[in-house]
1. Running a GNM on the chain with Cα contacts under 10 Å, which residue among ASP75, ASP30, ASP57 ends up with the highest mean-square fluctuation?
2. Measure off 7 Å from each Cα along the Cα-to-Cβ vector at ASP75 and VAL103, then give the distance between these two points in nanometres to one decimal.
3. Where both residues lie in region 20-160, what percent of DSSP beta bridges are antiparallel, nearest 5?
4. Using only the alpha carbon atoms of region 12-160, find the Kirkwood hydrodynamic radius as the inverse mean reciprocal pair distance, in angstroms to one decimal.
5. On a 0 to 90 degree scale, rounded to 10, what angle separates helix 143-157 from the longest Cα axis of the chain?
6. Under a 5 Å amide H to amide H cut-off, with H placed in plane at 1.01 Å, what residues pair with ILE82 once short-range neighbours are removed?
7. Suppose every Lys and Arg Cβ carries +1 and every Asp and Glu Cβ carries -1, with no other charges. What dipole size does the chain come out with about its Cα centre, to the nearest 20 debye?
8. Return, ordered by residue number, the residues of region 81-114 whose backbone nitrogen is under 11 Å from a label point located 7 Å along Cα→Cβ of GLU156.
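What follows is calculated from the coordinates using simple rules that are stated; it is not laboratory data. Predicted model, so just to flag it, every value in this text is computed and none were measured. So basically every Cβ, Gly included, is an ideal-geometry build from the backbone, and we count neighbours across all protein chains shown.
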Amino acid sequence: MPMSPFLADLRSRVGNALLMLPAATGCVFDDEGRLLVARHAGEKGLWAPPGGGIDPDERPEHTVVRELHEELGVDTEVRGLIGVFGGPEFRTTYPNGHQVAYVNAVYGCALAGGVLTPDGEEITDARFATEEELAGLPMPAWSPRVLPQAFAWWRERWSA
């Protein structure tokens with residue numbers, strides 16, 4: 001999906017300068033406690049839970065539902081906030097030179113319908129993985145900070 005009109009307008013004013021932006025991520029767990037991760041298009045092909053930028057006047061939990069529908073064709077039920085994260089691990093420079101530092105609201109979720117279908121633009125593949133399986137996947141720098149808390153959140157609330 002192309003850059004939002006809001007962000008495109010902002011970038012036209014500030015160029016590649018560092019922006020601090022809000023984002024939301026959905027940690028979707030299946031009944032076995034496996035986490036849905038998506039392989040993001042691009043040179044690095046990193047795997048991460050799906051999510052994206054929060055649009056003006058959009059609630060973060062609605063961002064999660066929208067992004068999972070747009071990127072993977074699934075409907076999602078948000079079950080709770082895992083945490084809000086930021087810091088140097090959440091800073092990135094895109095291939096076009098745009099610098100971003102994200103503050104990311106991470107939600108625990110479950111699938112509510114649809115068929116898991118990567119959009120082919122932002123997401124090239126998707127799968128459910130155990131915590132152990134994730135160790136073998138290329139993931140973003142923020143993963144070690146967020147994903148252990150996500151799995152702990154799931155175990156505390158949903159494991160039998």
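1. ASP57
2. 3.3 nm
3. Numbers: 25 of 34 bridges.
Close to 75 percent.
4. Numbers: mean 1/r = 0.0641 Å⁻¹.
It is 15.6 Å.
5. It works out to around 40 degrees.
6. Sorted by chain and number, the residues that satisfy this are VAL106, TYR107, GLY108.
7. Working: 13 positive and 23 negative charges, 110 e Å.
With only Lys, Arg, Asp and Glu charged at Cβ, the dipole is about 520 debye.
8. In region 81-114, the label zone of GLU156 (backbone N under 11 Å from the point 7 Å along Cα→Cβ) covers 81-83.
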